[in-house]
Amino acid sequence: MTFALTDWMLYSMWVVMGAMGLNFLVGLYQSLKDGAFSSDLITKYLSDLVMFVLPLFMLSNMTVFDSTGWIMETAYYIGAFGVVVKYLMDLKGKL
């Protein structure tokens, strides 16, 4: 099994990583502006990579076990949409 994303899965992963990165940069800017930089900011995003992105990769790799060809992909897209919504809501709260 490899971490190979196909078609729209690749684009949705770019959107997920972009939302995470944008949220990180806004949080970093605000913490540096306030003078309250902490390593918790970085470790939070590292744990989010394990908690959100790794399961998406696992779902994408489980598509080979799906005989219908759409159940795992649907779960992947729903998961990716949920992560993007979470980070956009966090971003809205920061601004």
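The values are calculated or read from the model by the stated rules, or taken from the named source; none is laboratory data. Everything numeric here is computed off the predicted structure, so don't read it as measured data. We place every Cβ from the backbone using ideal geometry, glycine too, and count neighbours over all the protein chains shown. In case anyone asks, the SASA skips ligands and DNA or RNA and just uses the protein heavy atoms, side chains included. Shrake-Rupley method; radii C 1.70, N 1.55, O 1.52, S 1.80 Å.
Brief remarks follow.
- Members of region 43-87 found to be over 21 Å from residue 21 (Cβ atoms) and among the aromatic types (Phe, Trp, Tyr), listed by number: 65, 70
- The number of residues in region 42-51 that are open to solvent by less than 60 Å² (accessible area, probe 1.4 Å) and not hydroxyl-bearing (Ser, Thr, Tyr) comes to 1.
- Tally, over region 82-92, of residues that are in contact (Cβ under 8 Å) with a residue 40 or more places away in the chain and more than 9 Å from the chain's Cα centre (by Cα): 3
- Those residues of region 1-37 which are at pLDDT 90 or above and closer than 17 Å to residue 59 by Cα, in sequence order: 11, 12, 13, 14, 15, 16, 17
- Any hit, region 55-78, residues being outside any helix (DSSP H, G or I), in contact (Cβ under 8 Å) with a residue 24 or more places away in the chain and not acidic (Asp, Glu): no
- The conditions of being within 15 Å of residue 83 (Cα to Cα) and in contact (Cβ under 8 Å) with a residue 24 or more places away in the chain are met by residue 45.
- Members of region 1-41 found to be in a loop (DSSP other than H, G, I, E, B), of a type in the set (A, V, I, L, M, F, W, C) and open to solvent by less than 80 Å² (accessible area, probe 1.4 Å), listed by number: 4, 5, 36
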